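A.B. asks: Structure below; questions to follow.
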Amino acid sequence: MTTAVYVLGGVLFLFIGMQFFVIWKSKRNKGRKVEGLNGQIGKSVANGGRVLAYFYSPSCSACRTQTPVVEKLQSEFSNVFKVNVADDLDTARAFGVMATPTTAIVNGGVIAELFVGAKSEKELRAYLA
């Protein structure tokens, strides 16, 4: 029984440790210049304006709750972009995305904020203002 407890504790420790590692690694991308992007998102970032880039995966359950919020914002703002990481892996790599959902706020071609996990509509609107 004690071996099972140690194994379970080790697995739990690794799971929680990986979560913190992904968040820590994402935070390190803050302040990094984003270059080499194609398409509409690349044009918006190159123009130096404020951009919200939402990275999602269709198989992600947290993304299924966040995507309608982002789509609502996308219908109101021209600087909100959805990026399916399965279809556009190069853009996700340019931003340093390691997990979905991830939201990046780019200001002047530099990553101003990078969050892993779902955010409320109110929080996202505050970053767009």
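The values are calculated or read from the model by the stated rules, or taken from the named source; none is laboratory data. The model shown is predicted, which means the values in this text are computed figures rather than measured ones. When we count neighbours, we look across all protein chains shown, and the Cβ atoms used for this are built from the backbone with ideal geometry, even at glycine. These accessible areas exclude ligands, DNA and RNA; they are computed on the full protein's heavy atoms, side chains included. Shrake-Rupley method; radii C 1.70, N 1.55, O 1.52, S 1.80 Å.
A.B. asks: When you look at residue 35, is it open to solvent by 30 Å² or more (accessible area, probe 1.4 Å) and not in a loop (DSSP other than H, G, I, E, B), yes or no?
C.D. replies: Details: open to solvent by 30 Å² or more (accessible area, probe 1.4 Å): yes; not in a loop (DSSP other than H, G, I, E, B): no.
Here the answer is no, as residue 35 does not meet what is asked.
A.B. asks: If you check residue 2 against the conditions, is it open to solvent by 90 Å² or more (accessible area, probe 1.4 Å), polar (S, T, N, Q) and free of Cβ contacts under 8 Å to residues at least 12 places away in the same chain? So that I can check it myself, show each step before the final result.
C.D. replies: Details: open to solvent by 90 Å² or more (accessible area, probe 1.4 Å): yes; polar (S, T, N, Q): yes; free of Cβ contacts under 8 Å to residues at least 12 places away in the same chain: yes.
Yes; evaluated as a whole, the condition is true for this residue.
A.B. asks: Across region 50-66, what is the total count of residues that are within 13 Å of the chain's Cα centre (by Cα) and closer than 22 Å to residue 35 by Cα?
C.D. replies: Here the count works out to 6.
A.B. asks: Does residue 30 meet the test of being modelled with pLDDT under 85, surrounded by 13 or more Cβ atoms within 10 Å (Cβ to Cβ) and not in a helix (DSSP H, G or I)? Working first, answer last.
C.D. replies: Working: modelled with pLDDT under 85: yes; surrounded by 13 or more Cβ atoms within 10 Å (Cβ to Cβ): yes; not in a helix (DSSP H, G or I): yes.
Answer is yes for this residue.
A.B. asks: Related question: Among 11, 45, which is the only one that is in a helix (DSSP H, G or I), in contact with a Gly (Cβ under 6 Å, 6 or more places away or on another chain) and among the hydrophobic types (A, V, I, L, M, F, W, C)?
C.D. replies: 45
A.B. asks: Of all residues in region 52-71, how many are within 19 Å of residue 114 (Cα to Cα), in a helix (DSSP H, G or I) and not charged (D, E, K, R)?
C.D. replies: 7
A.B. asks: Show the residue pairs that are 6+ apart or on different chains and have beta-carbon atoms under 6 Å apart, the first residue being within region 92-105 and closer than 16 Å to residue 79 by Cα and without any contact (Cβ under 8 Å) to a residue 60 or more places away in the chain, the second being open to solvent by 20 Å² or more (accessible area, probe 1.4 Å) and among the acidic types (Asp, Glu).
C.D. replies: 105/113
A.B. asks: Tally time: how many residues in region 38-62 are among the hydrophobic types (A, V, I, L, M, F, W, C) and crowded, with 21+ Cβ neighbours inside 10 Å?
C.D. replies: 6
A.B. asks: Can you pull out every residue in region 72-129 that is of a type outside the set (A, V, I, L, M), open to solvent by 30 Å² or more (accessible area, probe 1.4 Å) and in a loop (DSSP other than H, G, I, E, B)?
C.D. replies: 77, 78, 79, 87, 88, 100, 108, 119, 120
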